[in-house]
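Student: Take this structure, written in structure tokens, and hold onto it; I'll ask about it next.
The values are calculated or read from the model by the stated rules, or taken from the named source; none is laboratory data. Quick caveat: nothing in here was measured; it's all calculated off a predicted structure. Backbone-built Cβ (ideal geometry, glycine too); neighbour counts: all protein chains shown. Protein only, heavy atoms only, side chains kept; ligands, DNA and RNA dropped before computing areas. Shrake-Rupley method; radii C 1.70, N 1.55, O 1.52, S 1.80 Å.
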Amino acid sequence: MSCFHLTRRVTFVAGQPLIGTKHADLSPVKIQKRIPLRRKHKMYEKKIVVVDDDDSIRKTFFLILHKNYQVYLAQDSEEALQRFKNAKVDLIIADLKLPGTNGLEMIAKFREYGYKGEVILISAYPDLVNVNELKRLSISQFFLKPLDLEAFNESVDCLLDSKKVSENRV
């Protein structure tokens, strides 16, 4: 017989609500087994900011990453800088081509504000990328669109390894 606790504080046993008493002796029940919240998972404590002007790409990244990480979305550089320049973020995923300030300029501004964390840059335009600029800004990974989602997920998990993140987090 499985037993779990919901956030509404109603206990269910075998699909039936149990209102705080045992069936036989009517004494109060203490529920020990609970559905684990993803927030208790170590990796869920990691914060990722996704910056892309394409709504479908932002939503896709959210759907891929939100099960294991706290994911925040921004549609352009200005919104990302305004909302997250003083936040403790572990990873920034940014598109290279953004309206207004491009992804590299945005990362440069984050670095000026003291961000030392990891960065993944994505782009459909490899000709616009200067390797020396990527090195100067300490870009951790660069992916071309369309993305290889398996490689992307492995990179995110590797970059957010708990030992490395605790050293770099600002």
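Student: Could you figure out which of (1) over 16 Å from the mean Cα position of the chain (by Cα); (2) exposed (fewer than 14 other Cβ atoms within 10 Å of the Cβ) isn't true of residue 67?
Tutor: Answer for residue 67: the failing condition is (1).
Student: Do any residues in the range 129-143 that are within 16 Å of residue 102 (Cα to Cα) and open to solvent by 60 Å² or more (accessible area, probe 1.4 Å) have Cβ atoms under 9 Å from those of residues that are in a loop (DSSP other than H, G, I, E, B) and at pLDDT 95 or above, where the two are at least six apart or on different chains, and which pairs are they?
Tutor: These pairs meet every condition: 142/96.
Student: For the range 91-101, state whether one or more residues are open to solvent by 80 Å² or more (accessible area, probe 1.4 Å) and more than 20 Å from residue 161 (Cα to Cα).
Tutor: Checked against the condition, which is being open to solvent by 80 Å² or more (accessible area, probe 1.4 Å) and more than 20 Å from residue 161 (Cα to Cα), the range 91-101 yields at least one hit.
Student: Quick check: anything in the range 94-108 touching a residue at least 24 places away in the same chain (Cβ under 8 Å) and part of a strand (DSSP E or B)?
Tutor: Within the range 94-108 (the criterion being touching a residue at least 24 places away in the same chain (Cβ under 8 Å) and part of a strand (DSSP E or B)), the answer is yes, since at least one residue qualifies.
Student: So, in the range 144-164, exactly how many residues are modelled with pLDDT of 90 or more, open to solvent by 50 Å² or more (accessible area, probe 1.4 Å) and not aliphatic (A, V, I, L, M)?
Tutor: Qualifying residue count for the region: 8.
Student: Could you check the range 110-128 and list, in sequence order, the residues that are over 18 Å from the mean Cα position of the chain (by Cα) and open to solvent by 80 Å² or more (accessible area, probe 1.4 Å)?
Tutor: 112, 113, 125, 127, 128
Student: Looking at (1) at pLDDT below 95; (2) under 30 Å from residue 123 (Cα atoms), which one does residue 71 not meet, given that it meets all the others?
Tutor: (1)
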